[in-house]
1. So which residues in region 154-177 are buried (at least 18 other Cβ atoms within 10 Å of the Cβ), within 16 Å of the chain's Cα centre (by Cα) and within 9 Å of ligand 1 (Cβ to nearest atom), if there are any at all?
2. State yes or no: is TYR94 aromatic (Phe, Trp, Tyr), within 23 Å of the chain's Cα centre (by Cα) and farther than 23 Å from LEU190 by Cα?
3. When you check LEU62 against the structure, is it modelled with pLDDT under 90, out of contact with any strand residue (DSSP E or B) (no Cβ under 9 Å at 6 or more places or on another chain), of a type outside the set (Ser, Thr, Tyr) and on the phi < 0 side of the Ramachandran plot, yes or no?
4. Would you mention how many residues in region 71-112 are touching a His at 6+ places or on another chain (Cβ under 7 Å) and charged (D, E, K, R)?
5. Considering only region 80-121, how many residues are more than 9 Å from ligand 1 (Cβ to nearest atom), free of Cβ contacts under 8 Å to residues at least 40 places away in the same chain, surrounded by 15 or more Cβ atoms within 10 Å (Cβ to Cβ) and not in a strand (DSSP E or B)?
6. Could you tell me which numbered condition GLY150 fails, if it satisfies all but one of (1) surrounded by 15 or more Cβ atoms within 10 Å (Cβ to Cβ); (2) of a type in the set (Gly, Ala, Ser); (3) touching a helix residue (DSSP H, G or I) at 6+ places or on another chain (Cβ under 9 Å)?
7. From the list LYS38, LYS13, exactly one residue is crowded, with 20+ Cβ neighbours inside 10 Å and not acidic (Asp, Glu). Which is it?
8. Quick one: in region 200-234, of everything that is surrounded by fewer than 19 Cβ atoms within 10 Å (Cβ to Cβ) and modelled with pLDDT under 95, which residue is nearest to ligand 1 (Cβ to nearest atom)?
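The values are calculated or read from the model by the stated rules, or taken from the named source; none is laboratory data. Please read these numbers as outputs of a predicted model, since none were measured by experiment. Here Cβ is always computed from backbone atoms with ideal geometry, including for glycine, and neighbour counts include all displayed protein chains.
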Amino acid sequence: MTNETNYDTVFGKMAIDQGLCSDDELRQALEELESRSKLNPAILKDLMIELGYITASQAERLKTGIKESKAAAHQIPGYKIIGKLGAGAMAVVYKAKQLSLNRPVAIKILPKRFSENPEYVERFYKEGQAAGKLNHPNIVQAIDVGEAGGYHYFVMEYVEGKTISDDLVAGKVFAEAEALDIIIQVANALAHAHACSLIHRDVKPKNVMINTAGVVKLADMGLARATADIKAAQTEAGKAYGTPYYIAPEQIRGKIDIDGRADIYGLGATLYHMLAGRVPFMAEDSADVMRKHLKEKLIPPDHINTSLSAGVSEVIEIMMAKRKEGRYNNIEELLTDLDALREGRPPLQAHKRFDVSMLEQLEEGDAIEVEEKIYKEETVAQYRMAILILSTLLVVFFVVLLILLFK
Ligand SMILES: Nc1ncnc2c1ncn2[C@@H]1O[C@H](COP(=O)(O)OP(=O)(O)OP(=O)(O)O)[C@@H](O)[C@H]1O
Ligand SMILES: [Mg+2]
(Lines give C-alpha, C1' and ligand atoms only; values in the text may rest on other atoms or scores of the structure.)
(Ligands and ions follow the chains in the order given, each with its own letter.)
Protein backbone atom coordinates (compact mmCIF):
# COMPACT_ATOMS: atom_id res chain seq x y z
CA MET A 1 0.00 0.00 0.00
CA THR A 2 1.92 3.00 -1.22
CA ASN A 3 -0.40 5.60 0.29
CA GLU A 4 -0.67 3.95 3.66
CA THR A 5 1.28 6.07 6.15
CA ASN A 6 3.13 4.74 9.15
CA TYR A 7 0.34 6.06 11.33
CA ASP A 8 -2.27 4.30 9.19
CA THR A 9 -0.34 1.04 9.53
CA VAL A 10 -0.24 1.24 13.31
CA PHE A 11 -3.86 2.37 13.44
CA GLY A 12 -5.01 -0.56 11.27
CA LYS A 13 -3.01 -3.10 13.25
CA MET A 14 -4.32 -1.82 16.56
CA ALA A 15 -7.93 -1.75 15.33
CA ILE A 16 -7.61 -5.44 14.43
CA ASP A 17 -5.66 -6.23 17.58
CA GLN A 18 -8.45 -4.84 19.72
CA GLY A 19 -11.12 -6.69 17.76
CA LEU A 20 -12.76 -3.49 16.47
CA CYS A 21 -12.81 -4.53 12.83
CA SER A 22 -12.23 -7.68 10.80
CA ASP A 23 -9.42 -8.65 8.52
CA ASP A 24 -11.57 -8.05 5.45
CA GLU A 25 -12.83 -4.69 6.61
CA LEU A 26 -9.30 -3.39 7.08
CA ARG A 27 -8.29 -4.75 3.68
CA GLN A 28 -11.26 -3.02 2.05
CA ALA A 29 -10.54 0.23 3.87
CA LEU A 30 -6.91 0.13 2.72
CA GLU A 31 -8.02 -0.49 -0.87
CA GLU A 32 -10.40 2.45 -0.67
CA LEU A 33 -7.60 4.58 0.79
CA GLU A 34 -5.42 3.66 -2.17
CA SER A 35 -8.14 4.38 -4.77
CA ARG A 36 -8.93 7.78 -3.26
CA SER A 37 -5.30 8.78 -2.88
CA LYS A 38 -5.11 11.03 -5.96
CA LEU A 39 -8.48 12.74 -6.08
CA ASN A 40 -9.51 12.84 -2.47
CA PRO A 41 -6.72 11.78 -0.08
CA ALA A 42 -7.93 10.51 3.29
CA ILE A 43 -6.51 9.03 6.44
CA LEU A 44 -7.39 5.49 7.41
CA LYS A 45 -9.02 6.51 10.70
CA ASP A 46 -11.58 8.81 9.00
CA LEU A 47 -12.21 6.33 6.22
CA MET A 48 -12.96 3.51 8.63
CA ILE A 49 -15.47 5.68 10.44
CA GLU A 50 -17.03 6.71 7.11
CA LEU A 51 -17.29 3.08 5.98
CA GLY A 52 -18.95 2.20 9.28
CA TYR A 53 -16.25 -0.26 10.37
CA ILE A 54 -15.53 1.59 13.60
CA THR A 55 -17.33 4.31 15.51
CA ALA A 56 -15.94 7.79 16.10
CA SER A 57 -15.51 7.11 19.80
CA GLN A 58 -13.69 3.81 19.16
CA ALA A 59 -11.38 5.70 16.79
CA GLU A 60 -10.69 8.32 19.42
CA ARG A 61 -9.86 5.66 22.02
CA LEU A 62 -7.50 3.99 19.55
CA LYS A 63 -5.82 7.29 18.82
CA THR A 64 -5.33 7.87 22.55
CA GLY A 65 -3.92 4.32 22.89
CA ILE A 66 -1.37 4.96 20.14
CA LYS A 67 -0.39 8.26 21.74
CA GLU A 68 -0.05 6.55 25.13
CA SER A 69 2.19 3.80 23.76
CA LYS A 70 4.37 6.44 22.09
CA ALA A 71 4.44 8.45 25.31
CA ALA A 72 5.40 5.29 27.23
CA ALA A 73 8.31 4.78 24.84
CA HIS A 74 9.49 8.31 25.60
CA GLN A 75 9.33 7.57 29.33
CA ILE A 76 11.78 4.67 29.29
CA PRO A 77 14.65 5.76 31.51
CA GLY A 78 18.09 5.71 29.95
CA TYR A 79 16.90 5.80 26.35
CA LYS A 80 16.02 8.58 23.93
CA ILE A 81 13.51 7.69 21.19
CA ILE A 82 14.73 8.72 17.73
CA GLY A 83 11.94 7.44 15.49
CA LYS A 84 9.75 4.53 14.47
CA LEU A 85 11.33 1.50 12.77
CA GLY A 86 8.22 -0.49 12.05
CA ALA A 87 5.17 -2.20 13.42
CA GLY A 88 4.22 -5.86 13.49
CA ALA A 89 0.95 -7.53 14.26
CA MET A 90 1.39 -7.00 17.95
CA ALA A 91 3.94 -4.31 18.62
CA VAL A 92 5.61 -1.11 17.52
CA VAL A 93 9.39 -0.96 17.25
CA TYR A 94 11.29 2.30 17.79
CA LYS A 95 14.87 3.29 17.15
CA ALA A 96 16.39 4.84 20.25
CA LYS A 97 19.70 5.91 21.71
CA GLN A 98 20.97 4.12 24.78
CA LEU A 99 22.29 7.15 26.62
CA SER A 100 24.83 5.40 28.88
CA LEU A 101 26.70 3.78 26.00
CA ASN A 102 25.75 6.32 23.35
CA ARG A 103 24.71 3.64 20.88
CA PRO A 104 21.59 3.01 18.80
CA VAL A 105 19.17 0.33 19.99
CA ALA A 106 15.73 -0.91 18.94
CA ILE A 107 12.88 -0.88 21.48
CA LYS A 108 9.78 -2.97 21.07
CA ILE A 109 6.69 -1.76 22.91
CA LEU A 110 4.19 -4.53 23.56
CA PRO A 111 0.45 -3.87 23.59
CA LYS A 112 -1.06 -2.95 26.93
CA ARG A 113 -3.27 -6.02 27.08
CA PHE A 114 -0.13 -8.16 27.54
CA SER A 115 0.62 -6.35 30.78
CA GLU A 116 -2.79 -7.37 32.06
CA ASN A 117 -1.90 -11.07 31.84
CA PRO A 118 0.41 -11.95 34.80
CA GLU A 119 1.31 -15.32 33.27
CA TYR A 120 2.51 -13.60 30.11
CA VAL A 121 4.43 -10.95 32.02
CA GLU A 122 6.22 -13.64 34.04
CA ARG A 123 7.22 -15.48 30.90
CA PHE A 124 8.23 -12.22 29.22
CA TYR A 125 10.80 -11.58 31.96
CA LYS A 126 11.92 -15.19 32.20
CA GLU A 127 12.54 -15.55 28.47
CA GLY A 128 14.00 -12.05 28.31
CA GLN A 129 16.57 -13.08 30.91
CA ALA A 130 17.33 -16.29 29.03
CA ALA A 131 17.72 -14.35 25.77
CA GLY A 132 20.00 -11.89 27.54
CA LYS A 133 22.39 -14.75 28.28
CA LEU A 134 22.68 -15.68 24.61
CA ASN A 135 25.61 -14.28 22.72
CA HIS A 136 25.82 -15.11 19.04
CA PRO A 137 26.69 -13.07 15.93
CA ASN A 138 23.50 -14.27 14.20
CA ILE A 139 21.10 -13.40 17.03
CA VAL A 140 19.72 -9.91 17.61
CA GLN A 141 21.15 -9.27 21.08
CA ALA A 142 18.62 -8.75 23.87
CA ILE A 143 19.66 -5.78 25.98
CA ASP A 144 16.93 -4.97 28.47
CA VAL A 145 13.33 -5.59 29.47
CA GLY A 146 11.09 -3.43 31.61
CA GLU A 147 7.86 -1.52 32.02
CA ALA A 148 7.03 2.13 31.52
CA GLY A 149 3.64 3.85 31.68
CA GLY A 150 1.88 0.47 31.89
CA TYR A 151 3.61 -0.84 28.74
CA HIS A 152 6.21 -3.60 28.71
CA TYR A 153 9.21 -3.05 26.49
CA PHE A 154 12.09 -5.05 25.12
CA VAL A 155 15.36 -3.33 24.23
CA MET A 156 17.55 -5.02 21.66
CA GLU A 157 20.49 -4.55 19.33
CA TYR A 158 19.63 -2.18 16.49
CA VAL A 159 20.01 -3.83 13.09
CA GLU A 160 20.58 -1.51 10.19
CA GLY A 161 19.32 -3.40 7.19
CA LYS A 162 16.24 -5.23 6.01
CA THR A 163 14.21 -8.35 6.71
CA ILE A 164 13.94 -11.34 4.37
CA SER A 165 10.24 -10.51 4.25
CA ASP A 166 11.05 -7.13 2.62
CA ASP A 167 12.74 -9.00 -0.26
CA LEU A 168 9.91 -11.54 -0.54
CA VAL A 169 7.24 -8.83 -0.59
CA ALA A 170 9.21 -7.15 -3.41
CA GLY A 171 8.84 -10.42 -5.33
CA LYS A 172 12.38 -11.77 -4.95
CA VAL A 173 12.91 -15.50 -5.48
CA PHE A 174 16.25 -16.40 -3.90
CA ALA A 175 18.93 -18.37 -5.70
CA GLU A 176 19.59 -21.69 -3.96
CA ALA A 177 23.13 -20.78 -2.88
CA GLU A 178 22.09 -17.42 -1.43
CA ALA A 179 19.10 -18.92 0.42
CA LEU A 180 21.27 -21.69 1.85
CA ASP A 181 23.83 -19.18 3.04
CA ILE A 182 21.12 -17.24 4.91
CA ILE A 183 19.36 -20.30 6.32
CA ILE A 184 22.65 -21.79 7.55
CA GLN A 185 23.30 -18.59 9.53
CA VAL A 186 19.81 -18.78 11.06
CA ALA A 187 20.36 -22.48 11.82
CA ASN A 188 23.62 -21.59 13.61
CA ALA A 189 21.70 -19.01 15.65
CA LEU A 190 19.08 -21.62 16.56
CA ALA A 191 21.72 -24.22 17.45
CA HIS A 192 23.13 -21.76 19.99
CA ALA A 193 19.68 -20.88 21.39
CA HIS A 194 18.57 -24.52 21.61
CA ALA A 195 21.82 -25.43 23.39
CA CYS A 196 20.79 -22.82 25.98
CA SER A 197 17.29 -24.39 26.17
CA LEU A 198 15.59 -21.51 24.41
CA ILE A 199 13.14 -22.23 21.58
CA HIS A 200 12.30 -19.33 19.26
CA ARG A 201 8.72 -20.44 18.30
CA ASP A 202 8.28 -17.75 15.65
CA VAL A 203 10.90 -18.34 12.96
CA LYS A 204 9.66 -16.56 9.82
CA PRO A 205 10.96 -14.17 7.12
CA LYS A 206 9.90 -11.10 9.13
CA ASN A 207 12.16 -12.21 11.97
CA VAL A 208 15.21 -12.83 9.81
CA MET A 209 17.13 -9.63 9.21
CA ILE A 210 20.24 -8.96 7.13
CA ASN A 211 22.43 -6.06 8.14
CA THR A 212 24.29 -3.80 5.75
CA ALA A 213 27.42 -5.99 6.08
CA GLY A 214 25.40 -9.01 4.91
CA VAL A 215 25.32 -10.70 8.33
CA VAL A 216 22.07 -12.52 9.11
CA LYS A 217 20.39 -11.70 12.45
CA LEU A 218 17.54 -13.71 13.94
CA ALA A 219 15.15 -11.28 15.65
CA ASP A 220 12.64 -11.68 18.50
CA MET A 221 14.57 -14.42 20.28
CA GLY A 222 13.09 -14.70 23.75
CA LEU A 223 10.07 -12.60 22.98
CA ALA A 224 7.44 -14.89 24.41
CA ARG A 225 4.34 -15.36 22.36
CA ALA A 226 1.08 -15.81 24.25
CA THR A 227 1.36 -18.65 26.78
CA ALA A 228 -0.15 -21.33 24.62
CA ASP A 229 0.62 -21.18 20.94
CA ILE A 230 -2.90 -22.19 20.04
CA LYS A 231 -4.09 -18.96 21.62
CA ALA A 232 -1.55 -17.01 19.61
CA ALA A 233 -2.51 -18.85 16.45
CA GLN A 234 -6.20 -18.25 17.05
CA THR A 235 -5.57 -14.61 17.78
CA GLU A 236 -3.55 -14.38 14.60
CA ALA A 237 -6.40 -16.03 12.73
CA GLY A 238 -8.39 -12.82 12.95
CA LYS A 239 -5.66 -10.51 11.79
CA ALA A 240 -4.73 -8.95 8.50
CA TYR A 241 -1.09 -9.06 9.53
CA GLY A 242 0.71 -12.04 10.90
CA THR A 243 -1.03 -14.87 9.03
CA PRO A 244 0.46 -18.11 10.40
CA TYR A 245 2.23 -19.19 7.22
CA TYR A 246 5.23 -20.62 9.05
CA ILE A 247 3.81 -22.13 12.25
CA ALA A 248 4.44 -25.80 13.12
CA PRO A 249 1.42 -28.14 13.34
CA GLU A 250 2.09 -28.96 16.99
CA GLN A 251 1.96 -25.24 17.84
CA ILE A 252 -1.42 -24.98 16.10
CA ARG A 253 -2.61 -27.98 18.09
CA GLY A 254 -1.57 -26.14 21.25
CA LYS A 255 0.83 -28.83 22.42
CA ILE A 256 2.74 -27.72 25.48
CA ASP A 257 5.87 -29.80 24.88
CA ILE A 258 7.14 -27.64 22.02
CA ASP A 259 10.79 -28.34 21.26
CA GLY A 260 13.46 -27.26 18.79
CA ARG A 261 11.76 -29.18 16.00
CA ALA A 262 9.04 -26.47 15.88
CA ASP A 263 11.80 -24.03 14.90
CA ILE A 264 13.03 -26.50 12.26
CA TYR A 265 9.52 -26.43 10.73
CA GLY A 266 9.41 -22.60 10.74
CA LEU A 267 12.86 -22.45 9.18
CA GLY A 268 11.79 -25.00 6.54
CA ALA A 269 8.69 -22.95 5.70
CA THR A 270 10.89 -19.84 5.43
CA LEU A 271 13.33 -21.60 3.08
CA TYR A 272 10.37 -22.91 1.07
CA HIS A 273 9.06 -19.35 0.57
CA MET A 274 12.52 -18.05 -0.39
CA LEU A 275 13.05 -20.74 -3.03
CA ALA A 276 9.55 -21.46 -4.35
CA GLY A 277 8.53 -17.79 -4.35
CA ARG A 278 5.34 -18.56 -2.44
CA VAL A 279 4.36 -19.72 1.02
CA PRO A 280 3.98 -23.49 1.55
CA PHE A 281 0.24 -23.30 2.25
CA MET A 282 -1.89 -20.57 0.73
CA ALA A 283 -5.50 -19.84 1.61
CA GLU A 284 -7.91 -16.94 1.84
CA ASP A 285 -8.09 -16.94 5.63
CA SER A 286 -5.77 -17.88 8.45
CA ALA A 287 -7.94 -20.74 9.72
CA ASP A 288 -7.59 -22.44 6.33
CA VAL A 289 -3.84 -21.87 6.30
CA MET A 290 -3.65 -23.62 9.69
CA ARG A 291 -5.85 -26.48 8.52
CA LYS A 292 -3.50 -27.00 5.59
CA HIS A 293 -0.44 -27.05 7.89
CA LEU A 294 -2.18 -29.82 9.79
CA LYS A 295 -3.64 -31.89 6.97
CA GLU A 296 -2.58 -30.94 3.47
CA LYS A 297 0.29 -32.63 1.74
CA LEU A 298 3.13 -30.24 0.96
CA ILE A 299 3.79 -29.59 -2.72
CA PRO A 300 7.53 -30.28 -3.03
CA PRO A 301 9.25 -26.94 -3.75
CA ASP A 302 11.02 -28.35 -6.82
CA HIS A 303 7.58 -28.96 -8.37
CA ILE A 304 7.00 -25.20 -8.20
CA ASN A 305 10.49 -24.00 -9.04
CA THR A 306 11.83 -26.70 -11.32
CA SER A 307 15.34 -25.25 -11.29
CA LEU A 308 15.78 -26.35 -7.65
CA SER A 309 17.97 -29.32 -6.83
CA ALA A 310 16.21 -32.48 -5.66
CA GLY A 311 18.44 -32.38 -2.56
CA VAL A 312 17.24 -29.02 -1.26
CA SER A 313 13.64 -29.98 -1.93
CA GLU A 314 14.08 -33.19 0.03
CA VAL A 315 15.65 -31.32 2.97
CA ILE A 316 12.71 -28.87 3.08
CA GLU A 317 10.22 -31.75 3.01
CA ILE A 318 11.92 -33.34 6.00
CA MET A 319 12.10 -29.99 7.83
CA MET A 320 8.37 -29.58 7.26
CA ALA A 321 7.20 -33.08 8.14
CA LYS A 322 3.83 -32.76 9.85
CA ARG A 323 4.84 -34.83 12.85
CA LYS A 324 7.99 -33.66 14.58
CA GLU A 325 9.25 -37.28 14.70
CA GLY A 326 9.52 -37.15 10.90
CA ARG A 327 11.79 -34.07 10.98
CA TYR A 328 15.46 -33.74 11.75
CA ASN A 329 16.04 -34.66 15.39
CA ASN A 330 17.89 -31.44 16.03
CA ILE A 331 19.54 -28.45 14.36
CA GLU A 332 22.98 -30.15 14.27
CA GLU A 333 21.55 -32.94 12.11
CA LEU A 334 19.95 -30.34 9.85
CA LEU A 335 23.20 -28.38 9.61
CA THR A 336 25.00 -31.50 8.38
CA ASP A 337 22.61 -31.65 5.42
CA LEU A 338 22.60 -27.89 4.79
CA ASP A 339 26.42 -27.92 4.70
CA ALA A 340 26.34 -30.92 2.36
CA LEU A 341 23.94 -29.10 0.00
CA ARG A 342 26.15 -26.03 0.01
CA GLU A 343 29.10 -28.17 -1.02
CA GLY A 344 27.08 -29.97 -3.70
CA ARG A 345 26.89 -33.28 -1.82
CA PRO A 346 23.68 -35.30 -1.23
CA PRO A 347 21.77 -34.71 2.04
CA LEU A 348 22.42 -38.04 3.77
CA GLN A 349 20.48 -37.29 6.96
CA ALA A 350 17.37 -36.54 4.88
CA HIS A 351 17.77 -39.85 3.06
CA LYS A 352 17.93 -41.62 6.43
CA ARG A 353 14.82 -39.88 7.69
CA PHE A 354 12.79 -40.54 4.58
CA ASP A 355 11.39 -43.83 5.91
CA VAL A 356 10.27 -42.22 9.16
CA SER A 357 8.61 -39.49 7.14
CA MET A 358 6.73 -42.02 5.00
CA LEU A 359 5.42 -43.71 8.14
CA GLU A 360 4.37 -40.38 9.50
CA GLN A 361 2.44 -39.55 6.33
CA LEU A 362 0.69 -42.88 6.65
CA GLU A 363 -0.52 -41.84 10.08
CA GLU A 364 -1.48 -38.40 8.85
CA GLY A 365 -3.98 -39.74 6.35
CA ASP A 366 -1.88 -40.10 3.23
CA ALA A 367 -2.39 -43.81 3.50
CA ILE A 368 -3.73 -44.21 0.00
CA GLU A 369 -0.72 -42.61 -1.56
CA VAL A 370 1.66 -44.70 0.52
CA GLU A 371 -0.35 -47.83 -0.23
CA GLU A 372 -0.11 -46.97 -3.90
CA LYS A 373 3.62 -46.62 -3.57
CA ILE A 374 3.85 -49.95 -1.76
CA TYR A 375 1.58 -51.52 -4.40
CA LYS A 376 3.81 -50.15 -7.15
CA GLU A 377 6.89 -51.46 -5.37
CA GLU A 378 5.24 -54.88 -4.97
CA THR A 379 4.29 -54.96 -8.65
CA VAL A 380 7.85 -54.08 -9.64
CA ALA A 381 9.13 -56.82 -7.31
CA GLN A 382 6.74 -59.34 -8.91
CA TYR A 383 7.91 -58.37 -12.41
CA ARG A 384 11.52 -58.67 -11.31
CA MET A 385 10.85 -62.15 -9.91
CA ALA A 386 9.09 -63.25 -13.12
CA ILE A 387 12.01 -62.00 -15.26
CA LEU A 388 14.46 -63.80 -12.97
CA ILE A 389 12.53 -67.11 -13.25
CA LEU A 390 12.20 -66.74 -17.02
CA SER A 391 15.89 -66.01 -17.51
CA THR A 392 16.86 -68.94 -15.25
CA LEU A 393 14.59 -71.22 -17.30
CA LEU A 394 16.13 -69.85 -20.49
CA VAL A 395 19.67 -70.51 -19.22
CA VAL A 396 18.70 -74.05 -18.14
CA PHE A 397 17.07 -74.59 -21.54
CA PHE A 398 20.24 -73.49 -23.40
CA VAL A 399 22.50 -75.58 -21.16
CA VAL A 400 20.33 -78.67 -21.81
CA LEU A 401 20.29 -77.85 -25.52
CA LEU A 402 24.09 -77.54 -25.59
CA ILE A 403 24.51 -80.82 -23.69
CA LEU A 404 22.18 -82.57 -26.13
CA LEU A 405 23.97 -81.06 -29.17
CA PHE A 406 27.44 -82.03 -28.03
CA LYS A 407 26.48 -85.50 -26.93
N1 LIG B 1 16.30 -5.09 16.22
C2 LIG B 1 15.76 -4.40 15.20
N3 LIG B 1 16.50 -3.49 14.52
C4 LIG B 1 15.95 -2.80 13.51
N5 LIG B 1 14.68 -2.94 13.08
C6 LIG B 1 13.89 -3.83 13.71
C7 LIG B 1 14.40 -4.61 14.81
N8 LIG B 1 13.40 -5.41 15.25
C9 LIG B 1 12.33 -5.14 14.47
N10 LIG B 1 12.62 -4.20 13.54
C11 LIG B 1 11.71 -3.65 12.52
O12 LIG B 1 10.43 -3.49 13.09
C13 LIG B 1 9.45 -4.21 12.35
C14 LIG B 1 8.38 -4.74 13.29
O15 LIG B 1 8.90 -5.79 14.06
P16 LIG B 1 7.96 -6.77 14.90
O17 LIG B 1 8.83 -7.81 15.49
O18 LIG B 1 7.12 -5.96 15.80
O19 LIG B 1 6.98 -7.38 13.85
P20 LIG B 1 7.28 -8.41 12.68
O21 LIG B 1 8.27 -9.41 13.15
O22 LIG B 1 7.63 -7.63 11.45
O23 LIG B 1 5.88 -9.04 12.41
P24 LIG B 1 4.84 -9.80 13.35
O25 LIG B 1 4.31 -8.83 14.33
O26 LIG B 1 3.86 -10.27 12.36
O27 LIG B 1 5.60 -10.89 14.02
C28 LIG B 1 10.24 -5.30 11.63
O29 LIG B 1 9.58 -5.71 10.46
C30 LIG B 1 11.57 -4.61 11.35
O31 LIG B 1 11.46 -3.88 10.15
MG1 LIG C 1 9.62 -9.50 14.68
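1. THR163, the sole residue that qualifies.
2. Working: aromatic (Phe, Trp, Tyr): yes; within 23 Å of the chain's Cα centre (by Cα): yes; farther than 23 Å from LEU190 by Cα: yes.
It is true that TYR94 is aromatic (Phe, Trp, Tyr), within 23 Å of the chain's Cα centre (by Cα) and farther than 23 Å from LEU190 by Cα.
3. In short, yes.
4. In the first step, residues of region 71-112 are kept if they are touching a His at 6+ places or on another chain (Cβ under 7 Å); the result is 81, 110.
With charged (D, E, K, R) added as a condition, the list becomes none.
Total meeting the criteria: 0.
5. Residues in region 80-121 being more than 9 Å from ligand 1 (Cβ to nearest atom), free of Cβ contacts under 8 Å to residues at least 40 places away in the same chain, surrounded by 15 or more Cβ atoms within 10 Å (Cβ to Cβ) and not in a strand (DSSP E or B): 3 in total.
6. (1)
7. Details: LYS38 fails: crowded, with 20+ Cβ neighbours inside 10 Å.
None of the others qualify; the one that does is LYS13.
8. Here the residue is ALA226.
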